[in-house]
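Below is one structure, written out as structure tokens; comments come after it.
The values are calculated or read from the model by the stated rules, or taken from the named source; none is laboratory data. Just so you know, these numbers come straight off a predicted model, no measurement behind them. Cβ: placed from backbone, ideal geometry, glycine included. Neighbour counts: every protein chain shown.
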């Protein structure tokens, strides 16, 4: 089963897909958030130190922003009475993101999905 198909046939499929895509997109942004490396300048070590500290601050600010977005997204998922379940071992990643689309739903729906995937 493709990861883009895990919510087929469920109520609010579009919303579940949106939440799953946003979670994967946030993961990709977290991975891409890197502190740029500035080559050490022996002639201006204090200037280099300042640039390095500014780069660290910008990295951490972006990290905090992404974490706030993840908190907001998880709050919306929980508000619907849903949870997020990792189905990467049982699906093919066709999302275009590094992270598979997780299943968004209730535990009962997740158990039913597992029955469908595994045929048990």
Review point. If the Cβ limit is 8 Å and pairs must be 6+ apart or interchain, which residue in region 1-22 that is surrounded by fewer than 16 Cβ atoms within 10 Å (Cβ to Cβ) pairs with which residue that is in a helix (DSSP H, G or I)?
Key: 1/116; 1/117
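If you scan region 9-60, which residues turn out to be assigned to a helix (DSSP H, G or I) and over 28 Å from the mean Cα position of the chain (by Cα)?
So the first thing to find is which residues in region 9-60 are assigned to a helix (DSSP H, G or I), and the list is 13-32, 45-60.
Within region 9-60, 45, 46, 47, 48, 49, 50, 51 qualify.
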**Study point:** Residues located in region 84-98, provided they are in a strand (DSSP E or B) and over 14 Å from the mean Cα position of the chain (by Cα)
**Key:** 92
Point to revise | Scope region 53-101; condition at pLDDT below 95 and farther than 15 Å from residue 24 by Cα; matching residues | key: 89, 90
Review point. In region 9-19, which residues are out of contact with any helix residue (DSSP H, G or I) (no Cβ under 8 Å at 6 or more places or on another chain) and modelled with pLDDT of 95 or more?
Key: 11, 12, 13, 14, 15, 16, 18
Study note, to complete from the structure: Exactly one of 66, 76, 116, 101 is closer than 21 Å to residue 16 by Cβ, outside any loop (DSSP other than H, G, I, E, B) and touching a helix residue (DSSP H, G or I) at 6+ places or on another chain (Cβ under 8 Å), and that one is 76
Practice item. Determine if region 80-91 includes at least one residue that is touching a helix residue (DSSP H, G or I) at 6+ places or on another chain (Cβ under 9 Å) and more than 21 Å from residue 115 (Cα to Cα). Key: yes
